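Values quoted throughout were computed directly from the atomic coordinates according to the rules given, and no laboratory measurement underlies them. If you're wondering where the values come from, they're calculated on a predicted model, not measured in any experiment. Note: ideal-geometry Cβ built from the backbone for every residue, glycine included; neighbour counts use all protein chains shown.
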Amino acid sequence: MTDEYKDEAYWVRDQVKAHTRWFNQSLPMIASENLMSPMAKEMMISDFHDRYAEGLPKKRYYEGNIYVDEVELKCLELAKKLFRCSFADVRPISGTVANMAVLFAFAKPGDTLTTCALAQGAHISTAKFGAFGLRGVNSVNYPFNVEDMNIDVDATKKVLMEVKPKVAQFGLSVFLFPPPLKELQETFQEVGCTVWYDAAHVLGLIAGKQFQDPLREGVNILSASTHKTFPGPNHGILLGENLDEDQEKKLQRAAFPGVTSSHHLHAMAALSITLAEEMIFAERYAKQVVDNAQALGSALYELGIGVLCPHLNFTQSHTLAVDVREHEGGRVVSKDLEAANIICNKNMIPGDQSAVNPSGIRLGVQELTRVGMRESEMRQVAELIHRVAVKKESPKDVAKDVWELKKDFTKVMYCLHEGTEAYEYKELV
Ligand SMILES: Cc1ncc(COP(=O)(O)O)c(C=O)c1O
């Protein structure tokens, strides 16, 4: 009996090791993932993991938080500095939990909120069966221009004036282009709504000044994950600008005790380190991410693959939306790519009805960029995808060439390496 469970524990550890070996040999292209720096990762198995801290620094319910408090205060200071804002809360343990905190603080059951629709790339937390629905709010979708993969400004102004939402929410999971916040600002003021931006996908691009800066474009509250284009721990964050004291208190109370008890102190420490690293590297990293995404978009398009929005250079972010209906659809293509060790996900694109059998795939380049890949590697990645998705070559054969490409890109870049700066791949070889 004892041996049986001992074996199971070792078995689990072996699975994780096998997964890690697999991902080392792969091209991970899920748009919501990234690699942490070695120093930030070290925090995840520190003693902080084993501890509890409830409430705000210096006002805790438990003892033992002397160092935790100092780190959390530094985390708040760095977050406000990097994102140039007056309010931060680093306790939400994920992007969805941060979204729940905003809903608890600013929306009551029965209130009306405006947001994008799932088929236009919105996150599941805005759905009727997600956090929005569970909070009991009514959500009204913005009119969307599918050609440009963005909100239709004139039609949206009309909707905002008609439904007068309490909160206007923005942000997507297939986030190709910045929503037209500046153009809508006057309408927000006329309606008197709070403006909320879910930056889960683009937080690192905002930090690196390569996307819009929502907090300078009329947004009051920004929620996000800290592990997508922002290369930190699996965690969440709340940022705010022009909030009054009452609004800040509401958000803090929503974070604790609303949606957390203790928060994840190890992740908070890792976030602090990533924020400091991003003060140094964010701009260079985010610029290369966007350059790579556009390079991959045009290489795939030249190979005849249906990347959306060629007239807009495909994307202004890390993400590409690709129509593969001619090549058996997103479900088949994403599975075949997985067998070739190119990891991405099937995704709905405008016009799709089914999330389980959609026409598209979503590709993200933030992780490949993080290990030092640039435009020339993006062309090789496009060819590998083409061989699997269009030419239908055996994924096993393609996997060998995936490894040929990947084997020189296994080190995390744009972060600190024990006393040295390491933002360029070549500097480390
Ligand atoms: C727009 C958006 N918001 C929130 C989330 C949720 O993030 P988390 O997984 O950190 O809860 C995601 C996840 O991908 C997302 O795309």
Cross-link reach list, aspartates and glutamates versus Lys157, counting only Cα pairs under 17 Å and skipping chain neighbours closer than eight places
Glu183, Glu186, Glu190, Glu217
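What value in Å³ per residue do you get for the convex hull of the alpha-carbon atoms in region 344-418? Provide the component values of the computation, followed by the final result.
On the way: hull volume 9.9 nm³, N = 75.
Looking at region 344-418, the number lands at 132 Å³ per residue.
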Per-q log10 I(q)/I(0), region 142-243, q = 0.14 Å⁻¹ (Debye; single scatterer per alpha-carbon; no solvent):
-0.53
Using the membrane-span-like helix rule (whole DSSP H runs, Cα extent along the own axis of at least 27 Å, mean Kyte-Doolittle hydropathy at least 0.0), which helices of the chain qualify?
265-302
For the chain, what is the calculated [θ] at 222 nm in deg cm²/dmol (nearest 500), taking -39500 (n - 2.57) for each run of four or more DSSP H residues and dividing by its residue count?
-13500 deg cm²/dmol
Give me, ordered by chain and number, the residues 5 or more places off Val140 or on other chains with an amide H under 5 Å from its own placed amide H.
Leu113, Thr114, Thr115
Subtracting the Cα-Cα distance of Asp148 and Asp69 from 0.36 nm times their residue separation yields 23.9 nm
Cβ crowding within 10 Å averaged over residues, with 212-222, 327-337, 301-311 ranked highest first:
212-222, 327-337, 301-311
Please identify, among Gly372, Gly55, Gly64, the residue showing maximal mean-square fluctuation in a Gaussian network model of the chain using a 10 angstrom Cα cutoff.
Gly64
Excluding same-chain residues fewer than 8 positions from Lys406, which lysines have a Cα within less than 25 Å of its Cα?
Lys17, Lys41, Lys228, Lys287, Lys335, Lys346, Lys391, Lys392, Lys396, Lys426
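Please give the peptides 6-16, 25-35 ranked by average Cβ packing (other Cβ atoms within 10 Å per residue), highest first, as a rough proxy for protection. Intermediate results must be reported in sequence, preceding the final value.
On the way: 6-16: 9.7, 25-35: 20.7.
Going from most to least packed, we get 25-35, 6-16.
Determine the dipole magnitude for region 39-275: charges of +1 sit on the beta-carbon of Lys and Arg, -1 on that of Asp and Glu, nothing else is charged, the reference point is the Cα centre, and the result goes in debye to the nearest 20. All intermediate terms of the calculation are to be shown ahead of the outcome.
Numbers: 24 positive and 27 negative charges, 61 e Å.
Approximately 300 debye in magnitude.
What does the convex hull of the Cα atoms of region 39-275 come to per residue, in Å³, rounded to a whole number?
Working: hull volume 26.8 nm³, N = 237.
Measuring per residue, one finds 113 Å³ for the Cα hull of region 39-275.
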Can you pull the one-decimal nm distance between simple spin-label points at Trp22 and Arg374, each 7 Å off the Cα toward Cβ?
3.3 nm
Bin width 10 Å, origin at 0, all Cα-Cα pairs of the chain: what percent of pairs per bin?
5, 21, 30, 27, 14, 3, 0
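Can you give the extra length, in nm with one decimal, that the chain gains between Glu42 and Glu54 once fully stretched, where that is 0.36 nm per residue apart less the Cα-Cα distance?
Details: separation 12, 0.36 × 12 = 4.32 nm, distance 2.30 nm.
Result: 2.0 nm gained on full extension.
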